[in-house]
Amino acid sequence: MNYMPGTASLIQDIDKKHLVLLRDGRTLIGYLRSIDQFANLVLHQTVERIHVGKKYGDIPRGIFVVRGENVVLLGEIDLEKESDTLLQQVSIEEILEEQRVEQQAKQESERLKVQALKERGLCVPRADTLDEY
Amino acid sequence: MTSKEKDWVIKVEMIQLQSENMDDDYYYQMYYHRLEQRQAEEELLGWRNRQEPPKLVTPFIQKVETYNSVVRIAGSLGQVAVSTCYSPRRAIDAVHHALVEEVGEGRLCWQLFLQLLEVEEMQRKMSLAAEEQEQKSQEAERIYQALKIRACSSEEEAEDEFLQLLCVQKGKKLTARLLPHLSPEQAEKILLTITHHLPFLMKKDVLDESLPLLYSPLNKVVGRMTFSKLIEVLQEMSRPLPESPELPITMALKNQFGISLLYSLLSHGEKLLSSDTPLEPCSGDFETWTDVVFLVARELSQVPKASLVEPLFLPSNLLSLFCRYLDKQTVHHLEAKME
């Protein structure tokens with residue numbers, strides 16, 4: 001039943017599996033159980049998925065209550081298509097290790113960039129978080 | 001999520017959709033712009049213009065911003081600290097205003113009820129000495145006076161305090177419990193008032209359905225009435241109403257209390273007539289009596305059985321009453337109706 005034609009509402013998404021991207025870069029996958037007018041979400045059987053290259057790892061998190069303002073986007077997961085993925089699932093330890101390595105590499109290249117710019121007399125302030133106001 | 005929760009969320013979202021200014025609303029403008037474009041395209045392509053997409057009709061929920069200087073939370077035992085964005089700290093009301101909120105009739109009812117309880121308490125004391133009896137009847141008299149009964153008043157029903165009291169369930173209970181303690185004249189006056197305003201009371205009782213409370217005490221009052229008084233009461237019921245084509249009797253037949261009272265009156269009349277006691281009627285009483293009996297019989301036969309309500313009590317002498325005035329066929333017809 002179409003509750004409100006011509007409008008966007010999360011009512012139809014209740015009890016379906018969703019992928020939620022948060023402002024801090026985390027990816028959560030879980031069943032959407034409850035919403036409210038601010039798009040605060042209650043996710044059930046949530047899993048935090050970490051992607052590094054072509055590999056990914058799932059950390060089970062249980063029940064999540066997400067404040068609406070922290071959501072970048074969310075979308076329903078097609079359960080049939082979920083399994084046809086080119087990505088390779090690995091264990092949690094492995095993915096965390098991969099993530100750490102990736103973070104280190106990124107920090108290193110960033111450091112070199114800043115140094116090179118400094119040498120040329122340019123000073124670029126570092127964005128510490130993803131949130132920029 | 002339960003459907004109630006979902007409905008709530010939808011309602012809140014609908015309220016958010018309400019926009020005072022449609023011209024400045026980007027989303028509104030864009031949506032309808034695109035909709036029209038799409039429909040124009042489809043028409044061009046030769047498709048039959050699809051039935052209009054379901055239009056969103058938002059329930060117009062009035063957003064009223066009221067500021068209550070003192071907030072009283074129902075059921076709380078006093079002042080509860082309330083703070084909102086309008087006032088971090090609400091004013092605290094030092095004076096207790098509980099009684100002010102009660103409805104006018106409610107207060108009166110309540111006070112009279114307390115007095116009535118006193119009267120009944122006195123009644124319960126087994127050995128009532130003469131002075132105590134006197135005291136009891138004085139108390140009852142006081143309550144009666146407080147009720148300010150104006151029998152057969154032609155005033156607006158809204159202004160009659162006693163009637164307003166009777167509209168409330170508590171008022172009916174009060175009157176029902178008071179009746180046994182009143183003198184016969186006072187009780188008959190109450191009966192007369194009730195019968196005079198019967199259509200009004202029946203209409204007001206649709207939700208509560210508490211008029212039957214009064215049946216039992218009124219039945220006892222009827223049982224003690226003289227023939228002339230009975231005729232007076234019956235006349236009230238057969239008097240045509242200015243605003244309605246229906247007679248009070250006809251309306252009473254469709255109401256449980258009404259029909260029970262009517263049957264009770266007729267039964268008492270029949271009992272008086274068939275007994276040996278002298279009646280001392282006033283002139284015209286017998287004619288009125290016969291008229292009423294015929295009227296009731298006529299209305300009973302005309303009202304469809306589906307609209308007739310079962311009375312609280314069906315007196316056994318009604319059929320013999322009808323037998324005396326009507327032919328066998330009609331009596332059988334009425335018998336079937338009354339079953």
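The values are calculated or read from the model by the stated rules, or taken from the named source; none is laboratory data. These numbers were taken from a predicted model, which means no experiment stands behind them. Please note: Cβ atoms are built from the backbone with ideal geometry, for glycine as well, and neighbour counts cover all protein chains shown. Just so you know, the surface numbers come from the protein's heavy atoms only, side chains and all, with ligands and any DNA or RNA stripped out. Shrake-Rupley method; radii C 1.70, N 1.55, O 1.52, S 1.80 Å.
Restricting the range B:15-34 to residues that are at the interface with chain A (Cβ under 7 Å from one of its Cβ atoms) and within 43 Å of the chain's Cα centre (by Cα), the residue that is farthest from A:THR7 (Cα to Cα) is B:GLN16. Filtered by the rule that a residue be open to solvent by 80 Å² or more (accessible area, probe 1.4 Å) and outside any helix (DSSP H, G or I), the range A:81-97 gives A:ASP84, A:LEU86, A:GLN88, A:GLN89.
Of the residues making up the range B:265-306, those that are under 24 Å from B:LEU218 (Cβ atoms), open to solvent by 30 Å² or more (accessible area, probe 1.4 Å) and of a type in the set (D, E, K, R) are B:LYS271, B:GLU280, B:ASP291.
With respect to B:LEU207, determine if the residue is of a type in the set (A, V, I, L, M), in a helix (DSSP H, G or I) and open to solvent by 20 Å² or more (accessible area, probe 1.4 Å). No: the conditions fail for B:LEU207. When both residues are 6+ apart or on different chains and their Cβ atoms are under 6 Å apart, which pairs have a first residue that lies in the range A:55-72 and is surrounded by fewer than 17 Cβ atoms within 10 Å (Cβ to Cβ), and a second that is among the aliphatic types (A, V, I, L, M) and outside any strand (DSSP E or B)? As it stands, the answer is A:LYS55/A:VAL90; A:ILE59/A:ILE92; A:GLY68/A:ALA39, since those pairs meet every condition given.
As an exercise: evaluate B:GLU42 against (1) charged (D, E, K, R); (2) within 13 Å of another protein chain (Cβ to nearest Cβ); (3) surrounded by 13 or more Cβ atoms within 10 Å (Cβ to Cβ) and give the number of the one condition it does not meet. B:GLU42 satisfies every listed condition except (2). Is it the case that some residue within the range B:26-37 is modelled with pLDDT under 85, part of a loop (DSSP other than H, G, I, E, B) and of a type outside the set (Lys, Arg)? No, because not a single residue in the range B:26-37 is modelled with pLDDT under 85, part of a loop (DSSP other than H, G, I, E, B) and of a type outside the set (Lys, Arg).
Looking at B:PRO212, is it closer than 23 Å to B:TRP110 by Cβ, surrounded by fewer than 19 Cβ atoms within 10 Å (Cβ to Cβ) and under 15 Å from the mean Cα position of the chain (by Cα)? Judged against the criteria, B:PRO212 is a match.
For A:GLU48, the conditions (1) open to solvent by 60 Å² or more (accessible area, probe 1.4 Å); (2) under 15 Å from A:VAL65 (Cβ atoms) are fulfilled apart from (1).
Contact map, the range B:3-25: residues that are of a type in the set (Val, Ile, Thr) paired with residues that are open to solvent by 80 Å² or more (accessible area, probe 1.4 Å) and in a loop (DSSP other than H, G, I, E, B), Cβ distance under 9 Å, separation 6+ or inter-chain. Pairs shown: B:ILE15/B:LYS63. Checking every residue in the range B:237-258 against the condition of being over 24 Å from B:HIS196 (Cβ atoms), among the charged types (D, E, K, R) and surrounded by fewer than 18 Cβ atoms within 10 Å (Cβ to Cβ) gives zero matches. Which of the residues belonging to the range B:119-155 are at pLDDT 75 or above and open to solvent by 80 Å² or more (accessible area, probe 1.4 Å)? Answer for the range B:119-155, where residues must be at pLDDT 75 or above and open to solvent by 80 Å² or more (accessible area, probe 1.4 Å): B:GLU121, B:GLU134, B:GLN135, B:GLN138, B:ARG142, B:GLN145. Counted as qualifying within the range B:225-336 are the helices (runs of 4 or more DSSP H) with 3 or more residues that are of a type in the set (D, E, K, R), namely B:227-238, B:285-302.
On the stretch given as the range A:24-41, residues that are within 14 Å of another protein chain (Cβ to nearest Cβ), open to solvent by 40 Å² or more (accessible area, probe 1.4 Å) and not basic (Lys, Arg) total 4.
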